[in-house]
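Peer 1: Mind looking over this structure? Questions follow.
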Amino acid sequence: MQRILVSIKRVIDYNVRVRVRPDGAGVVTDGVKMSINPFDEIALEEALRIRERGAAQEVVVLSIGTDDAQQQLRNALAMGADRAILIKTDQALEPAAIARAMLAIIEREQPFLVILGKQAIDDDCNQTGQMLAALWDRPQATFASKLELEGGKARVTREVDAGLEVIEVELPAVCTTDLRLNEPRYIKLPDIMKAKKKPLDVVALASLGLEIAPVLTTLKYEPPPQRRKGVMVKDAAELVAALRQKGLV
Amino acid sequence: MNRILIIAEHLDGKLNAAVAKCVSCAAAIPDADIGIAVFAADGAAVAAAAAAIAGVSRVLLVQNPANEPALAAVLAPQVAELAAGHSHVFGPSTTFGKDLMPRVAALLGAPQLSDVMAVESATRFRRPVYAGNAIATVEAPAGRQLVATVRVASFQAAAAGGTAAVEKQTLNVALPSHTRFVSVSAARSDRPDLQTAARVVSGGRALGSKENFALIQRLADRLGAAIGASRAAVDAGYAPNELQVGQTGKIIAPELYVAIGISGAIQHLTGIKDARTIVAINKDAEAPIFEVADYGLVGDLFSLIPEIEKNL
Ligand SMILES: Cc1cc2nc3c(=O)[nH]c(=O)nc-3n(C[C@H](O)[C@H](O)[C@H](O)COP(=O)(O)OP(=O)(O)OC[C@H]3O[C@@H](n4cnc5c(N)ncnc54)[C@H](O)[C@@H]3O)c2cc1C
Ligand SMILES: Nc1ncnc2c1ncn2[C@@H]1O[C@H](COP(=O)(O)O)[C@@H](O)[C@H]1O
């Protein structure tokens, strides 16, 4: 079966103003809205469109985390994924560990395409897809803004610093999404009902037989330095005069 | 001694300005011995430029036609091979470095720190998380290789005046053939580069159309500035993707940043926090951009831009 695997991370919603906890041990999560990482929503949307075009038969979503991530997986099923897998762990894992856990599922599921977000908006690492591609020994097409499949290959347009780059990779391959790849669909109410009946497998991380221990230690979190509030100027002339005085124009 | 290898980014025979900033980051590590690796088809000019950065001990030049245009899957096994004997492997936090370095880290079985903004010791670094809403201090294990990308906006370029030797290296690694470069479309212009410009003028959704975005270009030209854009302006097609400033675009640190018709979402602000002076022009006096602006001007951009030009 032609299968696409999409990773789904549960993160603090992008609209939340994240605050550091007073003890510096993390950020405030109590009562904070959690969502699918926005880049992963884009990844899922792309997989669904490929399936709807007939170029894939099944879209499987995968999350690694606590039981709470089932909510995001249910939302992914409501968006249209066929089934979901939760690798359950209470440990916060680094990208390298996530990549290894994903690889274990890839070996089972044999997808021809794995789509991840380019970056999780909590840790902002931008690592997991590239690490997965290396461990799997397959091509990577990162920061994708266009993805075309043709005869065992993917032609991917990538958002790079210089502009847009096009590369061609043999399948199976790893792709990570950028913002312009697509606009994810909204979930409709009946889909939420339907999603309840779709399969969601919970697998204990320990059952994968990986030795995963944290390598990096976060010692503390601090709020960023604040910029001093500036002044309001009354018109263009005053603005230009102020900038001129500072030697900026 | 801490032996640090920096992977050079370059294009059309020119060394990327981010490399000298990576050198500054590496030099902040105690007892640093800094090498730069240049992977190129014909890299003599790039290697010479790298050797001229102060503080660099050696430049390792690996020439192979397969190395240009750069593909992460092709470079990564070579970098991993060359990294032997190094304690740290650094790359710039540009799309080149972001694509390449995690692949290298996985091949080395090493952890990676992304967007290093400050060095506290050879194993302790600071980096932004949650779109810059928090700064994490992270400790890496001693005695183990560490891969990192350097948040270039946080470091000044290392000075010129270095005289490092260039050593040609031949690597015996199998290169994959599963990835092929097809093309790159870059809008070439005489305008300053967004990532290194001293002045940047950015436009947001308020511009309303690609045609109107020309107002931003005109003002930028008058100021000798680079052009930037918010995500909304890029999504709407007013500006190309490479001009997006922010958490998931470019992080910049110009002397002057002028935000026009940009509301100041956290994802945008994280890209401009290190700008020396921020100017905001917005018709909504409550827009969050004014909380970070050194100079705020409330009003309609369509009348204010021409007035600013008149006063210049
Ligand atoms: C995962 C993720 C990543 C993101 N990454 C980025 C990123 O890297 N960079 C980024 O910029 N955004 C990013 N965003 C988007 C961000 O959240 C905002 O949606 C975006 O920055 C808004 O762009 P804007 O300020 O141009 O538009 P708006 O928020 O719509 O603001 C337009 C502003 O223009 C003002 N205005 C309207 N008309 C006029 C006028 N005539 N004269 C003067 N002012 C006027 C309005 O008052 C308003 O403040 C990201 C979002 C997500 C979810
Ligand atoms: N715990 C997780 N569960 C599922 N996917 C994840 C997890 N962590 C990271 N990913 C995937 O990896 C991408 C990049 O994450 P990162 O490298 O942490 O920035 C995310 O967009 C997700 O698609």
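The values are calculated or read from the model by the stated rules, or taken from the named source; none is laboratory data. These numbers come from a predicted model, not from an experiment. Heads up, the Cβs are rebuilt from the backbone with ideal geometry, glycines too, and the neighbour counts pull from every protein chain shown. Heavy atoms of the whole protein, side chains included, go into the accessibility calculation; ligands, DNA and RNA do not. Shrake-Rupley method; radii C 1.70, N 1.55, O 1.52, S 1.80 Å.
Peer 1: Regarding chain B, what whole-number volume in Å³ per residue does the convex hull of its Cα atoms give?
Peer 2: Working: hull volume 42.4 nm³, N = 312.
Spread over its residues, the Cα hull of chain B gives 136 Å³ apiece.
Peer 1: Right, something else. Using amide H atoms built 1.01 Å from N in the peptide plane, name the residues 5+ places from B:I36, or on other chains, whose amide H lies under 5 Å from its own.
Peer 2: B:I6, B:R58, B:V59, B:L60
Peer 1: Partner chain Cβ atoms within 10 Å, averaged over the residues of B:174-182 - can you pull that number for me?
Peer 2: Partner Cβ neighbours, averaged per residue: 5.
Peer 1: Among A:V156, A:V215, A:V202, determine the one that fluctuates most according to a GNM of chain A built with springs between C-alpha atoms less than 10 Å apart.
Peer 2: A:V215
Peer 1: Give the relative contact order (percent, whole number) for the range B:125-241; include only Cα pairs under 8 Å separated by 6+ residues.
Peer 2: 18
Peer 1: Starting from the amide H of B:A293, placed 1.01 Å from N in the peptide plane, find each other amide H under 5 Å away whose residue is 5 or more places distant or on another chain.
Peer 2: Under 5 Å from the amide H of B:A293: A:G230.
Peer 1: Let me ask something else. Report, to one decimal in Å, the Kirkwood hydrodynamic radius for the protein assembly as shown based on all distinct Cα pairs. Please list the in-between numbers first.
Peer 2: Values: mean 1/r = 0.0411 Å⁻¹.
For the protein assembly as shown, the Kirkwood estimate is 24.3 Å.
Peer 1: Net charge within 12 Å of B:V104 by Cβ-Cβ distance, Lys/Arg positive one each and Asp/Glu negative one each, not counting B:V104 itself?
Peer 2: Summing Lys/Arg as +1 and Asp/Glu as -1 gives 0.
Peer 1: With solvent modelled as a 1.4 Å probe, how much accessible area in total do chains A and B shield from it at their shared surface, in Å² to the nearest 100?
Peer 2: Working: alone 14820 and 14800 Å², together 22920 Å².
In total, chains A and B hide about 6700 Å² from solvent.
Peer 1: For the range B:190-312, restrict the atom set to alpha-carbon positions and state the Rg and Dmax in Å.
Peer 2: Every Cα atom of the range B:190-312 included, Rg and Dmax give 12.5, 36 Å.
Peer 1: Tell me, what is the per residue accessible area of the range B:171-232 in Å², probe radius 1.4 Å?
Peer 2: 53
Peer 1: Eigenvalues of the Cα gyration tensor times 5, then square-rooted: what semi-axes does that give for the range B:65-177, in whole angstrom, largest first? Please report the intermediate quantities before stating the final value.
Peer 2: On the way: eigenvalues 126, 59, 47 Å².
Semi-axis lengths for the range B:65-177 are 25, 17, 15 Å.
Peer 1: Explain nothing, just compute: Karplus ³J(HN,Hα) = 6.51 cos²θ - 1.76 cosθ + 1.60, θ = phi - 60°, for every residue of the range A:176-189 in order, whole Hz, x for Gly and Pro.
Peer 2: Coupling constants for the range A:176-189: 10, 9, 10, 5, 8, 4, 5, 10, x, 6, 8, 7, 9, 3 Hz.
Peer 1: Assign one of three labels to the range A:96-228, namely rounded, prolate or oblate, based on the Cα gyration tensor with a ≥ b ≥ c the square roots of its eigenvalues; rounded applies when a/c is under 1.5, prolate when it is not and a/b is larger than b/c, and oblate otherwise.
Peer 2: Details: a/c = 1.22, a/b = 1.06, b/c = 1.15.
Verdict is rounded for the range A:96-228.
Peer 1: Please average, across the residues of B:139-147, the number of beta carbons from any other chain that are within 10 Å of each residue's own beta carbon, and give a whole number.
Peer 2: On the way: counts 4, 3, 4, 0, 0, 1, 0, 2, 1.
Mean inter-chain Cβ contacts per residue within 10 Å come to 2.
Peer 1: Using R₀ = 22 Å, calculate the FRET efficiency as 1/(1 + (r/R₀)^6) where r is the Cβ-Cβ separation of B:D12 and B:D235; round to 0.05.
Peer 2: On the way: r = 30 Å, r/R0 = 1.34.
The pair B:D12/B:D235 has a calculated efficiency of 0.15.
Peer 1: So which residues in the range A:107-124 end up with at least 20 square angstrom less accessible surface once the other protein chains are there, compared with the chain by itself, probe 1.4 angstrom?
Peer 2: A:K118, A:Q119, A:I121, A:D122, A:D123, A:D124
Peer 1: Follow-up question, since we're still on this one. At each listed q (0.12, 0.13, 0.25, 0.26 Å⁻¹), what is the log10 of I(q)/I(0) that the Debye formula gives for the range B:58-117 modelled as equal alpha-carbon point scatterers?
Peer 2: Normalising to I(0) and taking log10 leaves -0.28, -0.32, -1.20, -1.27.
Peer 1: Still on this structure, please answer the following. Which whole-Hz ³J(HN,Hα) couplings does the range A:39-44 yield from phi under the Karplus relation 6.51 cos²θ - 1.76 cosθ + 1.60, θ = phi - 60°, glycine and proline marked x?
Peer 2: Each residue's phi maps through the Karplus curve to give 5, 6, 4, 5, 4, 5 Hz.
Peer 1: Another question, if that's okay. Within 14 Å, Cβ to Cβ, of A:D90, how many net charges do the neighbouring residues add up to if Lys/Arg are +1 and Asp/Glu are -1? Write down the numbers at each step before the final one.
Peer 2: Numbers: positive: A:R10, A:K88; negative: A:D67, A:D68.
My count for the surroundings of A:D90 gives 0.
Peer 1: List the residues whose amide H sits under 5 Å from the amide H of B:L146, counting only those 5 or more places along or on another chain, with H placed 1.01 Å from N in the peptide plane.
Peer 2: Amide H to amide H, under 5 Å and 5 or more residues apart or across chains, B:L146 pairs with B:H88, B:V89.
Peer 1: While we're looking at this one, here's another question. Taking θ as phi - 60°, what are the ³J(HN,Hα) couplings along the range B:281-292 by the Karplus curve (6.51, -1.76, 1.60), each to the nearest whole Hz, with x for Gly and Pro?
Peer 2: Using θ = phi - 60°, the values come out as 10, 7, 7, 9, 5, 8, 4, x, 4, 5, 5, 10 Hz.
Peer 1: Sticking with this one: Diagonalise the Cα gyration tensor of the range A:161-215 and give the resulting equivalent ellipsoid semi-axes, square root of 5 times each eigenvalue, largest first, whole Å. Display every interim value, and only then the final one.
Peer 2: Details: eigenvalues 182, 143, 31 Å².
Over the Cα atoms of the range A:161-215, the semi-axes work out to 30, 27, 12 Å.
Peer 1: Tell me the accessible surface of A:K153 in square angstrom (1.4 angstrom probe, heavy atoms of protein chains only), to the nearest ten.
Peer 2: So the heavy atoms of A:K153 present about 80 Å² to solvent.
Peer 1: GNM on chain A, C-alpha springs below 10 Å: top fluctuator among A:L181, A:L113, A:L216?
Peer 2: A:L216
Peer 1: Distance cut-off 28 Å, Cα to Cα: go down the list A:K9/B:K21; A:K118/B:K21; A:K33/A:K118; A:K9/B:K98; A:K229/B:K14; A:K198/B:K250 and report the pairs above it. Can you show the working numbers first?
Peer 2: Working: A:K9/B:K21 33 Å; A:K118/B:K21 24 Å; A:K33/A:K118 22 Å; A:K9/B:K98 20 Å; A:K229/B:K14 39 Å; A:K198/B:K250 40 Å.
With Cα atoms farther than 28 Å apart: A:K9/B:K21; A:K229/B:K14; A:K198/B:K250.
Peer 1: Is there a simple number for the mean count of other chain Cβ atoms within 10 Å of the Cβ of residues in A:208-220, and what is it?
Peer 2: 4
Peer 1: Starting from 0 in steps of 10 Å, tell me what percent of the Cα-Cα pairs of chain A lands in each bin.
Peer 2: Percent of Cα pairs in each bin: 7, 28, 31, 18, 9, 6, 1.
Peer 1: Ignoring everything except DSSP H segments at least 4 long, calculate the 222 nm mean residue ellipticity for chain B; use -39,500 (n - 2.57) per segment, divide by total residues, nearest 500.
Peer 2: On the way: 8 runs with 77 residues, N = 312.
About -7000 deg cm²/dmol.
Peer 1: Please give the length that would be gained between B:S185 and B:E286 if that part of the chain were fully extended, namely 0.36 nm times their separation in residues minus their C-alpha to C-alpha distance (nm, one decimal).
Peer 2: On the way: separation 101, 0.36 × 101 = 36.36 nm, distance 3.88 nm.
Extra length from B:S185 to B:E286 when fully extended: 32.5 nm.
Peer 1: Leaving out ligands, DNA and RNA, what percent of the accessible area of the protein assembly as shown is carbon and sulfur, probe 1.4 Å? Let's see the in-between values first.
Peer 2: Numbers: 11300 of 22920 Å².
Carbon-and-sulfur percentage of accessible area, whole number: 49.
Peer 1: Something else: By a straight-distance test (C-alpha under 14 Å), which aspartates and glutamates pair with A:K246 as possible cross-link partners, with residues fewer than eight away in the same chain excluded?
Peer 2: In chain and number order, the partners are A:E238, B:E255, B:D294.
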